[in-house]
Every structure is written in structure tokens, then in C-alpha cells.
Amino acid sequence: MKNGDIMLNYIWGFIILISVICAIFTGNIEPLSNSILTGASDAINLVITMVGMMSLWTGLLKIADNGGLTYLLAKLFKPVLKHLFKDCPEDSPAMRAICMNITANILGLGNAATPLGISAMKEMNKLNKNSGVASNSMITFVVMNTASIQLLPTTMSILRQKYHSAAPFDIVPAIWISSIVALLVGILLTKVLEK
């Protein structure tokens with residue numbers, strides 16, 4: 001076990017101990033006991049919901065890729081992406097993987113976008129001349145993936161619906177504003193700090 005793992009175990013143990021002490025002193029030991037008993041089943045239900053949604057959207061994105069939708073999206077995004085990812089040829093598998101990841105992020109499918117992002121990074125690494133050091137395109141991609149625009153925050157809305165939100169999509173304007181600002185600032189900083 002690494003030192004970081006041991007330290008993390010101490011931190012979690014400390015948090016649990018403080019929670020139990022606070023529950024005892026505030027008279028909330030019964031709600032704490034109930035949450036311990038129901039927490040595991042709630043976590044499993046949440047995982048099943050998220051895996052189902054992730055499988056559905058990953059499958060639909062794969063069908064879209066096989067049907068040529070990602071090729072059309074690549075053509076649509078090409079004017080912008082060719083300036084952002086100068087290390088990647090326009091018709092390369094790396095550019096297709098980047099387009100698929102961007103599409104998944106635009107649809108708010110963060111969980112489905114993760115395997116697509118890993119695929120894009122692997123393809124960009126094949127084009128990287130300096131192995132072991134991230135290229136400018138790789139860094140730009142990580143920033144874009146992290147601060148992506150979400151036109152339809154599917155994952156967040158499904159979570160809000162699962163927990164009985166009256167209007168699961170009412171967060172859309174706030175997500176649009178925050179994701180657009182984060183993306184623009186992130187891209188600007190990567191271009192300013194490029195070597």
C-alpha cells in the first residue's frame with residue numbers, strides 16, 4: 001500500500017469517526033443508522049441507473065459513428081478543430097475520436113464521453129513525436145473535455161429526476177453559461193501558454 005493510500009484511509013476514517021461523534025451529541029444516531037443501512041442499496045440503484053444510461057448513449061454514439069454521423073460532425077467542426085488541434089491530420093482517427101468525444105460532451109453524456117476521450121488520447125499519442133510528454137493538442141483536448149459545452153445535460157438531469165426533482169431540466173441555462181465561459185477561458189489559457 002502506498003503512503004497516499006494510507007493517508008486517504010486515515011482521512012476517511014477520521015470523517016466517519018467525526019460523523020458518528022456528531023450524531024451521538026446531536027441526538028441523530030437513528031438517522032445515521034438508517035442511512036448506513038439504506039446507503040448501500042441506494043448506491044447500487046444509482047449505479048444501475050447510470051450504467052444503463054451510459055450503455056444506451058455509448059451504443060447510440062457507436063451507431064452514429066458507424067452511420068457516418070461523426071464524419072459529418074467532423075466536417076462541421078473542422079474549421080475550428082483544425083486550428084485547435086494542429087498536430088492531428090483532418091481525416092485521422094484521432095480527429096474522429098475527438099469529434100465523438102465533443103459530441104458526447106455536447107449531449108451532456110460525461111460518462112459516455114470518458115471512453116471516447118481515452119480513445120482520442122490514445123490516437124493523439126500515436127501522432128505525438130515526443131513520447132512521454134503531452135503534445136499541445138493533447139493538453140488542449142484535456143481542457144476542452146474537462147470544460148465542455150453541454151447543450152443537453154443528460155446525466156445531471158437523469159440524476160435530478162431520479163431524486164424527484166420537479167423540473168430536472170431547469171438547470172440548463174446555468175449549465176450553458178458556465179460551460180461556455182469555462183471552455184472559452186480554458187482554450188484561451190492553453191493557447192497563451194502553449195510552448
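Quick look at the numbers
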| item | result |
| --- | --- |
| Matching entry among SER165, SER157, SER179, SER148 (being surrounded by 12 or more Cβ atoms within 10 Å (Cβ to Cβ), small (Gly, Ala, Ser) and over 20 Å from the mean Cα position of the chain (by Cα)) | SER165 |
| Output for segment 128-156, where each listed residue is at pLDDT below 85, hydrophobic (A, V, I, L, M, F, W, C) and in a helix (DSSP H, G or I) | MET156 |
| Filter pass, ILE118 being aliphatic (A, V, I, L, M), surrounded by fewer than 15 Cβ atoms within 10 Å (Cβ to Cβ) and out of contact with any helix residue (DSSP H, G or I) (no Cβ under 6 Å at 6 or more places or on another chain) | yes |
| Count of residues meeting criterion [at pLDDT 85 or above, closer than 28 Å to MET156 by Cα and among the β-branched types (Val, Ile, Thr)] in segment 12-43 | 3 |
| Criterion violated by ASN3 - all others in (1) modelled with pLDDT under 80; (2) of a type outside the set (Asp, Glu); (3) farther than 25 Å from THR154 by Cβ; (4) surrounded by 10 or more Cβ atoms within 10 Å (Cβ to Cβ) satisfied | (4) |
| Matching entry among GLY27, GLY39 (being free of Cβ contacts under 8 Å to residues at least 24 places away in the same chain and exposed (fewer than 10 other Cβ atoms within 10 Å of the Cβ)) | GLY27 |
| THR140 crowded, with 18+ Cβ neighbours inside 10 Å, within 30 Å of ALA43 (Cβ to Cβ), touching a Phe, Trp or Tyr at 6+ places or on another chain (Cβ under 9 Å) and of a type in the set (Val, Ile, Thr) | no |
| Test result for LYS82, of a type outside the set (S, T, N, Q), in contact (Cβ under 8 Å) with a residue 40 or more places away in the chain and exposed (fewer than 14 other Cβ atoms within 10 Å of the Cβ) | no |
| Residue in segment 59-73 that is part of a helix (DSSP H, G or I) and in contact (Cβ under 8 Å) with a residue 40 or more places away in the chain present | yes |
| Residues within segment 32-74 that are charged (D, E, K, R) and farther than 15 Å from ALA104 by Cβ, tallied | 1 |
| Candidate set: segment 106-122, residues that are farther than 16 Å from LYS62 by Cβ and part of a helix (DSSP H, G or I); chosen: the one nearest to the chain's Cα centre (by Cα) | GLY110 |
| Unmet requirement for SER135, which otherwise passes all of (1) crowded, with 17+ Cβ neighbours inside 10 Å; (2) within 19 Å of the chain's Cα centre (by Cα) | (2) |
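The values are calculated or read from the model by the stated rules, or taken from the named source; none is laboratory data. These numbers were taken from a predicted model, which means no experiment stands behind them. Because the Cβ atoms are built from the backbone with ideal geometry, glycine has one as well, and the counts that use them run over all protein chains shown.
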